[in-house]
Amino acid sequence: MADLMTPTYAHNMRIIGHSDQGGGRADGVQIMVHQGFAYIGHIFSKGFSVVDVRDPTKPKPVQHVAAPPNTWTLHLQQHDDLLLVVHAKDMFAQAELADEKNYYKGKGSFHAEAPTTRDWSAGLAVYDVSKPEAPRQIGFMPIEGGGLHRCWYTGGRWAYASALLDGFSDYILITIDMQDPTKPRMAGKFWLPGMNLAAGETPDWPSEYGRYGLHHPIVHGDIAYCSWRDACLAVVDVSDRAVPRLITHRTWAPPFGGGTHNALPLPKRQLLIVVDEAVLDNKEDGEKPIWVFDNRIKSNPISIATFPEPADRDYVAVGGHFGPHNIYENRANGFVSEELIFATYQNAGLRAYDIRDKFRPVEVGACVPPAPKKLVDPRPNRPVVLHSADVFVDRNGICYCTDFSAGLYIVEYKG
């Protein structure tokens with residue numbers, strides 16, 4: 001246990017707890033924490049897990065909710081007594097997508113034609129978590145297509161998601177009416193021109209361009225800040241949930257590497273923090289910054305700074321993915337700040353950044369847990385290295401960090 005609790009590098013942070021999440025399911029992607037219980041979506045273990053973190057030094061797995069066959073449930077959202085869990089085709093189970101280059105370049109099953117049979121579940125599951133240790137499914141919204149990738153929900157009537165629908169080239173934005181949580185329904189759709197192949201649209205980007213598809217939206221007020229992977233940033237007016245409309249579209253790939261993953265508004269400071277996800281080993285996919293945008297004019301966001309890369313070690317030489325994956329998204333029931341940003345940096349672990357000077361972000365904390373002893377990731381030829389995926393930060397500055405194979409790390413920020 002001592003080895004698991006000993007980071008390979010730490011500054012202003014310390015590991016206080018670890019969990020294998022039970023039954024060999026040490027893989028995790030998105031995490032939410034509610035009333036002392038963590039909900040963790042898996043990427044390989046087919047379902048989501050509940051971990052008791054009321055004592056963060058002694059996390060205890062409570063239960064695993066299995067996914068339907070051939071189905072990803074890697075992303076989820078929680079607000080009050082509702083937990084929303086995506087259902088999508090397990091992309092990495094496809095032979096041609098076991099090579100992640102094909103997945104992130106949009107090769108494989110990203111196409112407009114509906115399959116003759118669908119052997120996976122596609123849509124959005126809704127759970128009652130009024131008893132937080134015992135999620136109870138109360139609703140489901142089916143869709144025709146590959147399924148949802150990631151959703152956004154902060155309470156009230158409306159949820160938002162990226163959806164791979166039959167007839168579209170990749171994931172698009174959908175709005176979801178949650179007025180009756182037992183019967184969520186899709187209310188509207190938005191896509192960038194060229195994506196609706198079934199309607200005869202023609203892509204105006206090169207076939208080798210990459211993933212011209214939505215990762216997920218973050219919504220503040222009536223504006224959805226959409227991370228559109230290699231198409232970068234789309235800012236969308238969702239005041240009419242049935243007919244969202246584009247405000248502006250910004251691209252910077254190339255020359256940068258694309259893969260835009262998060263676009264987090266900081267409304268009081270009128271800033272936007274935008275993350276480009278590293279998706280290939282050894283920085284093969286180019287530069288992937290975390291950007292600071294001036295967001296005073298919503299139709300004209302302007303990049304003004306980038307975060308510094310971890311410099312305590314040559315992380316490219318470590319192998320695997322070096323670069324940002326995700327940032328903590330200021331959940332209302334957790335830590336909320338417009339001056340401190342927490343980011344997962346894959347083989348470089350968890351990082352904290354002070355952005356009080358918006359032009360000069362500074363790293364003020366870091367924790368790099370030890371690499372896993374073995375991989376949960378079944379894909380061939382993957383290096384046995386850390387792959388920090390997501391982080392939730394509670395109001396006490398305790399960070400709950402998932403990994404593709406290393407389990408749940410609970411880290412105290414001491415700044």
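Numbers at a glance
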| read-out | value |
| --- | --- |
| Sole residue being in contact with a strand residue (DSSP E or B) (Cβ under 7 Å, 6 or more places away or on another chain) and either on the phi < 0 side of the Ramachandran plot or in contact (Cβ under 8 Å) with a residue 12 or more places away in the chain (or both), chosen from GLU144, GLU96, GLU100 | GLU144 |
| Any hit, region 323-330, residues being buried (at least 24 other Cβ atoms within 10 Å of the Cβ), polar (S, T, N, Q) and either out of contact with any Gly (no Cβ under 7 Å at 6 or more places or on another chain) or under 20 Å from ARG14 (Cα atoms) (or both) | no |
| Out of VAL85, VAL33, sole residue that is touching a residue at least 12 places away in the same chain (Cβ under 8 Å), β-branched (Val, Ile, Thr), buried (at least 22 other Cβ atoms within 10 Å of the Cβ) and in contact with a His (Cβ under 9 Å, 6 or more places away or on another chain) | VAL85 |
| Test: residue in region 242-250 that is at pLDDT 95 or above and either within 17 Å of the chain's Cα centre (by Cα) or within 20 Å of PHE307 (Cβ to Cβ) (or both) | yes |
| Filter result for the condition that a residue is in a loop (DSSP other than H, G, I, E, B) and without any contact (Cβ under 8 Å) to a residue 40 or more places away in the chain, over GLU338, GLU329, GLU309 | GLU309 |
| Qualifying residues in region 182-208 (those that are out of contact with any Ser or Thr (no Cβ under 9 Å at 6 or more places or on another chain) and either surrounded by 17 or more Cβ atoms within 10 Å (Cβ to Cβ) or hydrophobic (A, V, I, L, M, F, W, C) (or both)) - the one farthest from GLY146 (Cα to Cα) | TRP205 |
| Near pairs, Cβ below 8 angstrom, 6+ apart or cross-chain, from region 370-395 (closer than 30 Å to GLN35 by Cβ and among the aromatic types (Phe, Trp, Tyr)) to any residue that is at pLDDT 95 or above and outside any loop (DSSP other than H, G, I, E, B) | PHE392/ILE31; PHE392/MET32; PHE392/VAL33; PHE392/ALA38; PHE392/CYS399; PHE392/TYR400 |
| Exclusive hit being among the charged types (D, E, K, R), in contact with a strand residue (DSSP E or B) (Cβ under 8 Å, 6 or more places away or on another chain) and on the phi > 0 side of the Ramachandran plot, set LYS283, LYS298, LYS288 | LYS283 |
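The values are calculated or read from the model by the stated rules, or taken from the named source; none is laboratory data. Bear in mind the structure is a predicted one, so any value in this text is a computation, not a measurement. When we count neighbours, we look across all protein chains shown, and the Cβ atoms used for this are built from the backbone with ideal geometry, even at glycine.
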